[in-house]
Every structure is written in structure tokens, then in C-alpha cells.
1. Give, as residue ranges, the strands (runs of 3 or more DSSP E) completely inside the range 92-209 that count at least 2 residues that are more than 21 Å from the chain's Cα centre (by Cα), over 30 Å from Leu26 (Cα atoms) and at pLDDT below 95.
2. Enumerate the pairs (first residue in the range 71-93 and closer than 22 Å to Gly51 by Cβ; second residue anywhere and acidic (Asp, Glu)) with beta-carbon separation below 6 Å, excluding pairs fewer than 6 apart on the same chain, so at least 6 apart or on different chains.
3. Looking only at the range 94-107, count every residue that is surrounded by fewer than 16 Cβ atoms within 10 Å (Cβ to Cβ) and in contact (Cβ under 8 Å) with a residue 12 or more places away in the chain and tell me the total.
Amino acid sequence: PAIWTMSSGLITFTATQYPIGTTLLLGGGFEDSGEVANWTGSNATLASISGGQSGNRLQLTTTGGSYQYATQSVTLIPRAFYQLSVWVKSGTSGNEPGFISINGGVDENHAINFTSTSSWQSVVVNFQAVNASLHVNLAKYSATAGTMLFDQAGLIRMTPGIPPLNSIITADFDYYWRCRFTDDDVDFSNIWAKMWQLEKLTFTTEKGS
């Protein structure tokens, strides 16, 4: 007959996330004025112009304020994991600081800062949503007059229940080995009245399911 013996162990692995579906943003390619109309400018005007990372691009032009941004409202699933990304390039104001963020009030703000360059660069922020109603922001963080360029903005939901990319997960657990007696028969010695002795009893691990 089979019996079970218990042991314990520790395992560590790196989590990998995969996207679910397509982008949740509207007009993230900025291919024409219709796509740009899905975004609202704050301290800035917004326009679709040629020369993007792919196709046309968003040109954000400063009209005032210490920082300027394009924003769009989105509805997400609380506690689900998401990835916000965009391509960024310097405009007429030169290499300047900026950020992309997604926020929903005082209790939620996910952001990453960058400095634009003359070449397109990808900027990405991974986060877990707390609220359902949030705002995506593409920002030029400078009062300098001029423009900053954005393209291919995307917001995708990642595999549910998986921590942010490259998180290390450690599990501490007990596990069982299925075993059987090695021999079909064993010999006991009668060493005293109603007392029996077995000098050796061996087990074999059962492989497979």
C-alpha cells in the first residue's frame, strides 16, 4: 500500500506579465485631429503633425503655467495591473523634463519622470489601479515656451493577479512524497512475550502522478 511522507521547501521565481487586449486609450496614435480631440490640453494647445515615431505625432505647445499636459479620462478595474507607455521627443523648447502619470485624486498617483532628447525614447510606468476613474497625463514639466512631442500612447491591462514586471515572488510551503514499502514481506523477531522487533523497514518513492 502507498503511504505519504511530508517535507518542506522554499521556491523563488520571477513573475512575467502579458498584456490583455489592446490599448484602453482613445486616439493614442495622434494620427489626425479627430484622434487628438480625445485629449484635453492644460496650459497647452494640442495638434497632430507629421514626423512621429510612427505616422503622425502629438505636438504639445506651451501657452502658460509651470508645466503643461495632455490628459484623458479612463475607467479601469480596481486592483488590476496596467502598463502606461508613450514615445517622447524634444520639440522647439529643447531637451526638457517631463513626466507621464495616471492619477485619481489624493490617494492615487502613478508617475515616471524623464528628460526629452532629440531622439524618440520610450517611457513606461507599470502600476496597480486603486480607483476606477482615473486620468492619464502626458506632461512637459517646464515653463519654457515651445513644444514637446509625444506619440504612440498606450494603456494596456496586464495579466490579472500578477505583480508588476520582474517582481520576485517567494513561496514557503509543505509538500508530500508518495511512497510504498520496498518489500512485500518483512520478518519480525519475537524478542519477548507479545513484543516483536523489526530491524529495518525501507520505502521507495513512487514517481509519476
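1. Numbers: elements: 97-103, 109-115, 121-128, 133-140, 147-158, 168-181, 189-192, 195-197, 203-205.
Result: 168-181, 189-192, 195-197, 203-205.
2. Trp87/Asp151
3. From the range 94-107, those surrounded by fewer than 16 Cβ atoms within 10 Å (Cβ to Cβ) are 94-95, 97, 105-107; that's our starting set.
When the remaining residues are screened for being in contact (Cβ under 8 Å) with a residue 12 or more places away in the chain, the result is 94-95, 97, 105, 107.
The qualifying residues number 5.
The values are calculated or read from the model by the stated rules, or taken from the named source; none is laboratory data. Predicted model, so just to flag it, every value in this text is computed and none were measured. Note that each Cβ is placed from the backbone with ideal geometry, even for glycine, and that neighbours are counted across all protein chains shown.
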